[in-house]
Each structure stands twice: as structure tokens, then as C-alpha cells.
1. Could you work out how far apart the two model spin labels at Trp64 and Glu77 are, taking each label as a point 7 Å from the Cα in the direction of the beta carbon, and quote it in nm?
2. Suppose every Lys and Arg Cβ carries +1 and every Asp and Glu Cβ carries -1, with no other charges. What dipole size does the chain come out with about its Cα centre, to the nearest 20 debye?
3. At 1.4 Å probe size, with the rest of the protein present, what percent of the exposed accessible area of the stretch 1-84 is carbon and sulfur atoms?
4. Treating the angle as unsigned and between 0 and 90°, give the value, to the nearest 10°, between the Cα long axis of helix 76-91 and the longest Cα principal axis of the chain.
5. How high is the relative contact order of the chain, in percent, with contacts defined as C-alpha pairs under 8 Å that are six or more residues apart?
6. Modelling each spin label as a point 7 Å along the Cα-to-Cβ direction, I'd like the Ile86/Glu44 distance in nm, to one decimal.
7. Cα-based Rg (one decimal) and Dmax (whole number) for the chain, in Å?
8. Most fluctuating residue of Asp76, Asp28, Asp13 in a GNM of the chain with Cα springs under 10 Å: which is it?
Amino acid sequence: MDKIFAKDKKFIDSYGREIIFSGINVVDKSDFKDGEQKFPYLNEKTIKKFIECGFNLIRLGFNWAKIEPQAGKYNDEYIDSMSEIIELCEKY
């Protein structure tokens, strides 16, 4: 992946080209049960559809209470699901 830098209020890639982002906000505020698929709608088909619609950026929202449901206790299942989404986005 090409590195992107901020310069003079613009985003620039490592070749000096300005990058224009067209993004979409994605957040799921559902109450997930243990073992339940997180972000079931956010899959390869959906990511491809976002690209077809001209999006090249996803603002992936999360809820800290889902990451750390109790002080010092982290929800590895939820964190793993977020990592899977990030890896899928990186693929495209």
C-alpha cells in the first residue's frame, strides 16, 4: 500500500499526487451476543459494492464499551472481527 501524507491541507501519496477521498461511515451499534457474527453485512460483496459506488475510504466506527465491556477485560472476539474488516478493506 502506498503511503499517504498530509501537506498544505491536502493528502499526498509518495509520488506527490493529491489523493481525493470519497468515503462512507460504517458503524454497527447492535448488541452482539457471544459467538454472534459481528458486522454481518460488511463482507467482500459489500466492500466491492462500495467501490462500484465510487468510495475509496471507510470510516469504521466502533464502541469502546464493546472492546472493553468491563474495566481491564477486553472482548477479543470483537477486536478480531474489527481486524478482519480492516484486512478485507486493505485487500480492496
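1. In this crude spin-label approximation the distance works out to 2.3 nm.
2. 440 debye
3. In the stretch 1-84, the share of accessible area belonging to carbon and sulfur is 53 percent.
4. The angle comes out at about 20 degrees.
5. Over the chain, the number comes to 26 percent.
6. Simple spin-label model gives 2.2 nm for this pair.
7. Taking only Cα atoms of the chain, I get Rg and Dmax of 15.9, 46 Å.
8. Fluctuation is largest for Asp13.
The values are calculated or read from the model by the stated rules, or taken from the named source; none is laboratory data. Just so you know, these numbers come straight off a predicted model, no measurement behind them. Methodologically, a virtual Cβ is constructed for each residue, glycine included, from the backbone with ideal geometry; neighbour enumeration extends over all protein chains shown. When the accessible area is computed, the model is the full protein with side chains, heavy atoms only, and any ligands, DNA or RNA have been set aside. Shrake-Rupley method; radii C 1.70, N 1.55, O 1.52, S 1.80 Å.
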